[in-house]
Amino acid sequence: MTVPERSDGLHAEDVAARIDALGSGADDISFLYVVTVNNPSATIIGNRERTALVRLASGLSRKLGRIVPLVLDKAYEDLIHDPLVERPRSGLLDDEDGVVFEIGTLSKIIAPSLRIGYLIGSDGPFLQALIQRTSDAGFSAPLVNQEIASWLLDNVLDRQLAEVTRGYREKAVAVRGWLDSLLGDAVVDCRGGQASFYYYLTLNGVKTGEGSPFFRCLARTTGNERVDGTSEGKLPRVIYIPGEFCVHPRGRMVEQGARQLRFSYGYEELGRLEEAVGYMAEAVQYARSLDSPTSAV
Ligand SMILES: Cc1ncc(COP(=O)(O)O)c(C=O)c1O
C-alpha cells in the first residue's frame with residue numbers, strides 16, 4: 001500500500017490518515033518504509049515530518065503491542081546538494097521505543113559495484129532476524145570490498161562527497177534551466193533538483209508510457225525514418241523511466257503516472273543533457289502532432 005507524497009515530500013499526517021482509514025486492517029501492517037530523499041521524485045522529507053513519522057510508528061507499535069519498524073531508506077541523503085535545504089536529522093535521535101531502522105548504502109557515494117549497504121537500529125528480534133537471514137543467505141559483500149570501502153570512508157570520503165555534490169549541483173541548475181526554456185508549458189510539475197540526480201516531471205497531456213508516441217519518438221521506434229533515422233544511422237535516443245513504473249499499479253496515482261517520467265542527470269555530461277532535453281521537446285511536438293486533427297489527413 002502506498003501513500004502519495006505532496007510537492008514537498010511525504011507528510012506524516014497523510015500516512016496517519018491512510019492508517020486510520022484501514023480501521024482494524026491496520027493490525028496487519030508489518031512495517032512502514034520511507035525513502036527520505038525519494039526515488040524517483042527526489043523530494044526530501046522534512047525533519048518535522050520525519051519526527052512525526054517516528055511518533056506515528058511508536059504510537060502504532062504501542063497500540064498493536066509489537067514493534068512496527070519504521071524503515072528510513074537514506075540512500076541519497078549524502079547527496080543533498082542544494083545549500084538551502086535543512087540538514088537531515090537522523091530518525092534515531094527521536095526514537096524512544098526502538099522502532100527506527102535506518103538503511104544506508106555506499107552505492108550512491110562511492111560505487112554500486114562494492115555492494116555495500118548497512119542498517120542501523122536497536123537490537124531485538126527484528127534486527128537479529130535480519131542478521132540471521134543475511135548470514136543464512138550468505139548475502140554480503142566480499143571482505144576485500146569491505147576493507148576497500150572502510151579505507152575509502154576513512155581517507156577520501158569527505159573530499160569525494162564535496163566533489164560529487166558540487167558536480168550534481170551544477171548539473172541540477174543547468175538541467176532545470178533547459179527544462180524550463182526548452183520544454184516550457186509542456187511540463188506542469190517538476191520535482192527534484194535539490195538532492196541526488198533526478199528530476200521527476202509531469203507532462204501536460206502527453207503520455208509517457210512505453211507504447212506512447214513520446215516514448216517511441218525518444219526510443220526511435222516509431223517506424224517513421226524521419227523521426228527514428230535509418231536502421232544504420234539511428235538518431236540519438238533518450239532513455240528515461242516512465243511514470244507508469246513509478247506508481248503503484250492499483251494506487252491513486254495511476255492516471256498522473258501515465259504522464260510522468262524520471263529524468264536522470266547522473267551520468268551524462270552537460271552538453272549531452274541539453275541535447276537530451278531538446279529531443280524531449282521534439283518528442284512532445286511529435287506526440288501532439290499525432291493528437292491534432294490535421295494529422296489524420
Ligand atoms: C531509494 C534507494 N534505496 C536504496 C537503493 C539501493 O542501492 P544499492 O542496492 O545499490 O545499495 C537505491 C538504488 O537505486 C535507491 O534508489
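The helices (runs of 4 or more DSSP H) found wholly in segment 204-261 and carrying at least 1 residues that are of a type outside the set (Ser, Thr, Tyr) and farther than 23 Å from residue 272 by Cα occupy 254-257. Any residue at all in segment 69-80 that is over 29 Å from residue 271 (Cβ atoms), touching a Pro at 6+ places or on another chain (Cβ under 9 Å) and either away from the ligand (no atom under 16 Å from the Cβ) or assigned to a strand (DSSP E or B) (or both)? Scanning segment 69-80, I find no residue that is over 29 Å from residue 271 (Cβ atoms), touching a Pro at 6+ places or on another chain (Cβ under 9 Å) and either away from the ligand (no atom under 16 Å from the Cβ) or assigned to a strand (DSSP E or B) (or both), so the answer is no.
Would you call residue 172 touching a Phe, Trp or Tyr at 6+ places or on another chain (Cβ under 9 Å) and more than 16 Å from the ligand (Cβ to nearest atom)? Yes, satisfied.
Could you go through segment 6-22 and let me know if any residue there is within 15 Å of the ligand (Cβ to nearest atom), among the hydroxyl-bearing types (Ser, Thr, Tyr) and either within 26 Å of residue 257 (Cα to Cα) or in contact (Cβ under 8 Å) with a residue 60 or more places away in the chain (or both). No: zero hits. Looking across segment 27-66, the residues that are within 16 Å of the ligand (Cβ to nearest atom), surrounded by fewer than 22 Cβ atoms within 10 Å (Cβ to Cβ) and over 16 Å from the mean Cα position of the chain (by Cα) come down to 31, 32. Sub-7 Å Cβ pairs linking a first residue in segment 103-121 that is within 16 Å of residue 134 (Cα to Cα) to a second residue that is at pLDDT below 90 and more than 7 Å from the ligand (Cβ to nearest atom), at least 6 apart or interchain, are 115/141; 116/141, ordered by first then second residue.
Restricting attention to segment 113-148, the residues that are within 16 Å of the ligand (Cβ to nearest atom), polar (S, T, N, Q) and closer than 27 Å to residue 67 by Cβ add up to 2. Does residue 192 fit the bill of being surrounded by fewer than 22 Cβ atoms within 10 Å (Cβ to Cβ), touching a helix residue (DSSP H, G or I) at 6+ places or on another chain (Cβ under 9 Å) and either at pLDDT below 95 or assigned by TED's automatic domain parsing to the domain that holds residue 273 (or both)? Judged against the criteria, residue 192 is not a match. State whether the residues of segment 69-82 include one that is farther than 30 Å from residue 198 by Cα and surrounded by fewer than 17 Cβ atoms within 10 Å (Cβ to Cβ). So far as segment 69-82 goes, no, none of its residues is farther than 30 Å from residue 198 by Cα and surrounded by fewer than 17 Cβ atoms within 10 Å (Cβ to Cβ).
Taking each residue of segment 66-89 that is farther than 15 Å from residue 105 by Cβ and touching a residue at least 40 places away in the same chain (Cβ under 8 Å) and looking for partners that are small (Gly, Ala, Ser) and more than 14 Å from the ligand (Cβ to nearest atom) with beta-carbon atoms closer than 7 Å, six or more apart or interchain, yields 67/61; 67/98; 67/124; 81/172. Candidates are the residues of segment 85-112 that are more than 12 Å from the ligand (Cβ to nearest atom) and loosely packed, with under 13 Cβ neighbours inside 10 Å; the one that is farthest from the chain's Cα centre (by Cα) is 96.
The values are calculated or read from the model by the stated rules, or taken from the named source; none is laboratory data. Here the structure is a predicted model, which is why all the values come from computation and not from measurement. All Cβ positions, even for glycine, are placed from backbone atoms using ideal geometry, and neighbour counts span all protein chains on display.
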